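Heads up: the structure comes next, in C-alpha cells.
The values are calculated or read from the model by the stated rules, or taken from the named source; none is laboratory data. Just so we're clear, the structure is a prediction, and the values are computed from it rather than from any experiment. Reconstructed Cβ throughout: ideal geometry from the backbone, glycine too, with neighbour counts over all protein chains shown. The accessibility values were calculated without ligands, DNA or RNA, using every heavy atom of the protein model including side chains. Shrake-Rupley method; radii C 1.70, N 1.55, O 1.52, S 1.80 Å.
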Amino acid sequence: MRLIQASVVAVALAACTVSAQDADRKVAGGGITAKGWQGKIDPGKQNEGKSVNDSKFMEMGGGLHMQVGPAAVYWNPANTAKGDYMVKATFKETKVASDHPHPYGLFIGGSKLDTDTPSLLYCVAYGNGDALVRGFSEGKVVQVSKRAPNPAVHKAAADGGVTQEIAWSVKGDKAECMVNGTVVASLPKADITGPGKLESTDGIYGIRVSHNLDVLVTGLEKK
C-alpha cells in the first residue's frame with residue numbers, strides 16, 4: 001500500500017511539474033505593434049490577470065511575427081469575407097518553445113471578437129502532424145472535429161522548425177479547411193452554423209494561436 005501511495009504521489013508531482021513548465025509565458029516588451037491589428041486572449045484568461053500584452057505581435061519580413069504568451073486570436077477589422085471565398089496564409093514555426101507541439105492557424109466567421117463572447121471557427125495544425133477544427137460560440141468552446149493525425153500536415157524537423165500553408169474555402173453550402181493544399185475537414189454549413197455554433201461563415205477572418213509559440217505568418221490573403 002505504501003508503494004502504491006508513493007507512486008500516486010510521484011505521478012501527481014510529475015504532472016504538476018509538467019503543467020508548471022508549460023504555463024503561459026509572459027514575453028518582455030509585449031503588445032501589438034502591427035498597424036491595424038487587434039487581439040484578445042481566450043475568454044476567462046483575463047480573470048487570471050493575463051492579456052495580449054503578454055505576447056508580442058509585430059510586422060517583420062513582409063509578414064507578422066508572433067511571440068505568444070497566452071492563447072489568443074488576432075485580427076484586422078478590415079479583413080472580412082462573406083459568401084463564397086477563400087482565405088489562406090503560410091505559418092512558419094521557427095522554434096518549439098515547449099516540450100510538446102502547440103497549434104496555429106486561421107479563423108473565419110469572426111464576430112464580437114473584442115468582447116468576452118466571441119464567435120469564430122478555426123482550423124489549426126500541430127508540428128507533430130495533427131490537425132483540429134474548433135470554435136467559440138458566445139465565448140464558449142465548440143468542438144467540431146477531434147484533434148487527429150493527417151498526412152497533409154508537415155512534421156517539425158529536428159530543430160523544431162516547420163512550415164504549413166493553411167486555408168479556408170467557403171463555397172455554397174460547405175466550408176473546407178485545407179492544410180498544405182489538402183482538405184483536412186469538409187463541413188456542411190448546416191452543421192457548423194446556428195444556435196450554440198458559429199453565427200455565420202460571413203465575418204472577420206484572422207489568426208488563431210495557442211500559447212507559448214514563436215510563429216511567422218506570411219501571405220495572408222482573401223480570394
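Things worth noting here:
- Per the conditions (1) surrounded by fewer than 18 Cβ atoms within 10 Å (Cβ to Cβ); (2) touching a residue at least 40 places away in the same chain (Cβ under 8 Å); (3) outside any strand (DSSP E or B); (4) in contact with a Gly (Cβ under 8 Å, 6 or more places away or on another chain), the sole criterion not satisfied by Val142 is (3).
- One residue from Leu216, Leu187 being surrounded by fewer than 18 Cβ atoms within 10 Å (Cβ to Cβ), in contact with a strand residue (DSSP E or B) (Cβ under 8 Å, 6 or more places away or on another chain), in a strand (DSSP E or B) and not small (Gly, Ala, Ser): Leu216
- Looking across the range 24-61, the residues that are out of contact with any strand residue (DSSP E or B) (no Cβ under 8 Å at 6 or more places or on another chain), at pLDDT 90 or above and of a type outside the set (Asp, Glu) come down to Arg25, Lys26, Ala28.
- Of all residues in the range 47-56, at least one satisfies being more than 16 Å from the chain's Cα centre (by Cα), acidic (Asp, Glu) and open to solvent by less than 60 Å² (accessible area, probe 1.4 Å).
- Criterion (touching a residue at least 40 places away in the same chain (Cβ under 8 Å), closer than 22 Å to Val27 by Cα and not acidic (Asp, Glu)) met by exactly one of Thr80, Thr90, Thr117, Thr94: Thr94
- Pairing residues of the range 58-76 that are within 30 Å of Ser137 (Cβ to Cβ) and in contact (Cβ under 8 Å) with a residue 24 or more places away in the chain with residues that are aromatic (Phe, Trp, Tyr) and assigned to a strand (DSSP E or B), at Cβ distances under 7 Å and at least 6 apart in sequence or on separate chains, gives Leu64/Phe57; Met66/Phe57; Val73/Phe107; Tyr74/Phe57.
- Lone qualifier among Val133, Val124, Val142 - being hydrophobic (A, V, I, L, M, F, W, C) and under 26 Å from Ala34 (Cα atoms): Val124
- Index of the failed condition, Val87 passing every other in (1) in contact with a Ser or Thr (Cβ under 8 Å, 6 or more places away or on another chain); (2) part of a strand (DSSP E or B): (1)
- Candidates Ala148, Ala158, filtered to the one that is open to solvent by 10 Å² or more (accessible area, probe 1.4 Å) and in a loop (DSSP other than H, G, I, E, B): Ala158
- Scanning the range 57-86 for residues that are under 15 Å from the mean Cα position of the chain (by Cα) and either under 18 Å from Pro118 (Cβ atoms) or of a type in the set (Lys, Arg) (or both), we see that the one that is surrounded by the most Cβ atoms within 10 Å (Cβ to Cβ) is Val68.
- Scanning the range 23-46 for residues that are surrounded by 15 or more Cβ atoms within 10 Å (Cβ to Cβ) and either of a type in the set (S, T, N, Q) or assigned to a loop (DSSP other than H, G, I, E, B) (or both) yields a total of 9.
- Any chance Thr201 is farther than 13 Å from Val124 by Cβ, open to solvent by 50 Å² or more (accessible area, probe 1.4 Å) and either assigned to a loop (DSSP other than H, G, I, E, B) or hydroxyl-bearing (Ser, Thr, Tyr) (or both): no
- Residue check, Tyr122 within 16 Å of the chain's Cα centre (by Cα), over 16 Å from Val184 (Cα atoms) and assigned to a strand (DSSP E or B): no
- Given (1) touching a residue at least 24 places away in the same chain (Cβ under 8 Å); (2) among the hydrophobic types (A, V, I, L, M, F, W, C); (3) farther than 21 Å from Pro70 by Cα, number of the condition Val217 does not satisfy: (3)
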